[in-house]
Amino acid sequence: MAIVCIAMSRALWTIATMGAALSGILGVGAASAAMAAETSGCVTCHLDEAMLVKNLGGATAKKSAMQSGAG
Amino acid sequence: MAPLEPQEKVLLSKGFLATTHGALACESCHGGDPASMLKATAHAGFDPVPSVKNPQKACGDCHGEIVATAKDSVHATLSTFSRVLASRASKDGWGHVDEARKNHCAACHTSCGGCHVSRPQFAQKGFIQGHVFQKRSDPINQCTACHGSRVGSEFFGERGQGDVHAARAMDCVACHPAREMHAAAPRDLPGRYQLGELARCTDCHKDLQHGSVRDHVIHIGKVQCQVCHSQTYVNCYGCHVGKDAEGTAFFQNRREVEALKIGLNHEARAPGSGDRYRLVRHVPSFPEMFDFYGKDLFTSFGAVPTWKRASPHNIQRRTWQAATCNNCHGNRSLFLASADLLDFEKQANRNVVVPDGKVPRPVKKTRTLAIDTSRVRTSMVVDARWLHENLGRKNVVVVDARDRAAYDKGHIDGAISLDPLTSGLRTGGDTEKPFVLVGHTEVAGILGRAGLAADDHIVVYDQSGLTALALLAVLEWAGATHVSYLDGGIEGWHAAGFHASDVPSSREARAFTGTIQPRFVVSSEALAKLLGKPNVVVLDARAIHRILGETRHEKASRAGAIPGSINLPLGALLMDNGALKSPAELLWMLRTRGITPDRTVVTTCDTGLAAADAFFLLRYLGFPDVRVHDEAWVNWSRTR
């Protein structure tokens with residue numbers, strides 16, 4: 001999994017770099033921002049529910065068991 | 001508010017990418033490394049809630065004018081908390097008090113994101129629409145996620161009838177617009193009610209003093225609107241704070257009391273606050289509340305009242321205290337008295353207490369309400385004193401309808417445990433037809449094995465009324481001939497000075513030979529045929545957000561309500577601790593909704609539980625023809 005992630009990371013880095021270069025050539029600020037978001041690794045992972053389930057399984061809220069009553 | 005799974009909290013929607021905010025690079029707001037696909041490195045330097053720490057950087061580039069004031073708003077700074085605490089604290093102790101404030105009180109503050117994109121931090125965070133930003137805050141997932149107990153519960157009818165504004169589908173922003181929410185709080189603002197931009201009833205309800213409502217003309221300027229238009233609300237006592245063994249901060253609010261109290265206005269100079277009388281709510285402060293951080297920190301505890309100005313969000317056009325003049329005038333119990341104060345707070349509330357001479361005198365000529373209480377079946381409700389005197393009498397059987405853990409912690413001596421939610425009286429949530437009564441034979445078997453006979457005098461209690469009343473409804477349906485509800489439940493028992501036992505009790509199995517009362521239960525099919533008949537009224541006992549379709553039960557196939565049903569949330573019929581309002585008040589309230597004893601009343605809800613509770617209470621009030629829609633909305637929504 002880690003290898004896959006690293007490989008994906010490099011691929012995304014390449015895409016992101018190319019995107020940045022392209023936006024520089026075209027000089028279109030908004031378009032470059034949109035591309036940055038869409039090609040971002042953040043978006044890739046945070047659209048992948050299965051991956052999030054795997055990575056966040058067992059995550060629990062930080063709330064003391066001693067808390068009681070209306071807040 | 002349904003909890004979110006961890007992945008749900010951070011799952012983006014594709015729709016977000018098509019929005020203006022979705023076009024921004026994630027790291028421009030949140031930091032982190034978007035080029036990394038490893039969780040740890042991708043999140044290095046990542047800030048999940050950037051607008052909390054630096055709203056100017058996160059939001060100010062585009063929304064500079066808003067951020068300029070919103071960063072200093074009451075929501076962002078909770079500055080009035082600091083001001084109140086500082087006025088009570090000793091100079092030397094302020095450091096400890098401020099540490100406690102940061103660890104506990106300040107956990108409630110929020111910033112741009114908590115109102116416009118995710119649930120606030122205090123409510124465990126999480127996107128509410130896949131990170132899509134909303135101009136208008138979400139009442140369920142945002143506003144009442146924090147303002148839950150005192151505002152949300154009362155607004156949506158989880159306590160009381162709910163608020164008329166909620167029933168008209170008005171959301172929080174309808175009264176509390178950006179002008180107020182984004183307003184900067186002046187540094188010396190003594191309390192949130194002094195904010196100049198605060199919403200006021202008269203922003204919409206204008207020129208009341210010259211209107212056609214006589215009571216407005218008489219009372220306006222003397223009495224805060226809520227005094228006449230609010231219902232009972234929760235008062236809190238004894239908030240202890242500390243940190244557990246793992247260092248996680250906690251609070252324990254030790255006592256909550258549903259009541260309504262009128263106090264004197266001691267802040268007549270505050271904007272829009274010239275009334276003589278206003279509602280006051282007990283706040284959970286007490287001198288030792290921050291003892292975890294240091295002793296004797298509040299040397300000036302009496303500087304600020306603990307009965308604080310209140311604006312309950314449970315407005316009704318007609319309320320019991322205003323139903324007739326003398327429900328309020330001369331009613332000493334409505335007005336805060338010295339006897340209502342605890343020893344440590346007498347000084348703090350000296351200007352809030354209403355002396356006898358300032359309680360408005362009874363009015364000689366006033367209309368009567370003509371409420372007929374002669375049909376009330378008084379034997380269906382007993383109080384703690386009666387039960388204490390009759391414990392151990394032959395055929396008096398006491399049943400604790402709470403869950404087993406609560407029973408084991410302490411119960412009325414001799415009571416047996418029978419939790420209607422887990423004892424097999426109803427089908428499970430994952431069955432083909434969830435949450436309906438099982439067959440009469442099975443029910444009779446369960447009751448008999450618990451040691452109950454149909455001709456016993458069965459007294460049932462619990463913590464809030466919810467399960468006890470439902471069990472009583474089942475007992476009536478199964479043919480028990482003499483059943484009673486313990487008014488006020490276990491809390492009322494303790495309040496009357498009676499002790500609990502931790503020794504479990506059981507009874508020998510008996511034959512429960514009651515005759516089933518099929519007329520008490522109506523199926524969805526039968527209910528559909530009754531709809532629209534003029535002598536039939538369907539009482540939906542759910543909270544308002546269910547009726548409006550803003551939320552739904554997880555087992556329902558859709559949100560909504562049965563056509564033509566009348567909403568009266570169960571919380572209107574009984575208090576938080578399971579105590580009942582007077583029969584006259586209940587009958588009056590039902591009458592205001594068109595629910596009168598001359599009609600056939602069918603009670604419904606999501607799962608049949610609240611419907612069963614309402615069924616028993618209406619039977620107690622003397623309604624001759626009451627029926628439970630046991631299949632309730634969960635099953636109705638699946639088939640119709």
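The values are calculated or read from the model by the stated rules, or taken from the named source; none is laboratory data. Nothing here was measured: the structure is a model prediction, and the numbers come from that model. Counting neighbours? That spans all protein chains shown, and the Cβs are built from the backbone with ideal geometry, glycine included.
The table below lists the values:
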quantity: Residues satisfying the stated conditions in the range B:588-622, i.e. free of Cβ contacts under 8 Å to residues at least 60 places away in the same chain and assigned to a loop (DSSP other than H, G, I, E, B); calculated: B:Arg593, B:Gly594, B:Ile595, B:Thr596
quantity: Failed criterion for B:Ala58 (all others in (1) under 39 Å from the mean Cα position of the chain (by Cα); (2) part of a loop (DSSP other than H, G, I, E, B) hold); calculated: (2)
quantity: Every residue from the range B:5-32 that is in contact with a helix residue (DSSP H, G or I) (Cβ under 6 Å, 6 or more places away or on another chain), more than 8 Å from chain A (Cβ to nearest Cβ) and either among the basic types (Lys, Arg) or without any contact (Cβ under 8 Å) to a residue 40 or more places away in the chain (or both); calculated: B:Cys29
quantity: Every residue from the range B:33-48 that is within 8 Å of chain A (Cβ to nearest Cβ) and either assigned to a helix (DSSP H, G or I) or among the aromatic types (Phe, Trp, Tyr) (or both); calculated: B:Lys39, B:Ala42
quantity: Hits in the range B:363-399 (condition: of a type in the set (Gly, Ala, Ser) and over 30 Å from B:His499 (Cα atoms)); calculated: B:Ala370, B:Ser374
quantity: Residues of the range B:237-284 satisfying the condition of being of a type in the set (Gly, Ala, Ser), in a loop (DSSP other than H, G, I, E, B) and away from chain A (no Cβ under 14 Å); calculated: B:Ala268, B:Ala270, B:Gly272, B:Ser273, B:Gly274
quantity: Pair list, Cβ < 9 Å and 6+ apart or interchain, from the range B:554-565 residues that are charged (D, E, K, R) to residues that are modelled with pLDDT under 95; calculated: B:Glu554/B:Ala2
quantity: The range B:550-587, subset assigned to a loop (DSSP other than H, G, I, E, B) and charged (D, E, K, R), residue nearest to A:Gly69 (Cα to Cα); calculated: B:Asp576
quantity: Residue ID - farthest from the other protein chains (Cβ to nearest Cβ), chosen from residues in the range B:113-139 that are outside any loop (DSSP other than H, G, I, E, B) and surrounded by fewer than 20 Cβ atoms within 10 Å (Cβ to Cβ); calculated: B:Gln121
quantity: Scope the range B:327-355; condition closer than 12 Å to B:Gly302 by Cα and touching a helix residue (DSSP H, G or I) at 6+ places or on another chain (Cβ under 6 Å); matching residues; calculated: B:Gln347, B:Ala348
quantity: Residues that are in contact with a Phe, Trp or Tyr (Cβ under 7 Å, 6 or more places away or on another chain), at pLDDT 95 or above and aliphatic (A, V, I, L, M), drawn from the range B:224-263; calculated: B:Val227, B:Leu260, B:Ile262
quantity: Failed criterion for B:Ser51 (all others in (1) within 14 Å of another protein chain (Cβ to nearest Cβ); (2) assigned to a helix (DSSP H, G or I); (3) touching a residue at least 60 places away in the same chain (Cβ under 8 Å) hold); calculated: (1)
quantity: Residue tally, condition over 25 Å from the mean Cα position of the chain (by Cα) and crowded, with 16+ Cβ neighbours inside 10 Å, over the range B:392-409; calculated: 4
quantity: Any chance B:Leu574 is under 28 Å from B:Gly488 (Cβ atoms), of a type outside the set (D, E, K, R) and free of Cβ contacts under 8 Å to residues at least 40 places away in the same chain; calculated: no
quantity: Odd one out for B:Gly564, checked against (1) outside the structural domain of B:Asp400 (by TED's automatic domain parsing); (2) small (Gly, Ala, Ser); (3) under 19 Å from the mean Cα position of the chain (by Cα); calculated: (3)
quantity: Test set (1) out of contact with any Leu (no Cβ under 9 Å at 6 or more places or on another chain); (2) within 26 Å of B:Leu189 (Cβ to Cβ); (3) free of Cβ contacts under 8 Å to residues at least 60 places away in the same chain; (4) surrounded by fewer than 22 Cβ atoms within 10 Å (Cβ to Cβ) - B:Pro305 fails condition number; calculated: (4)
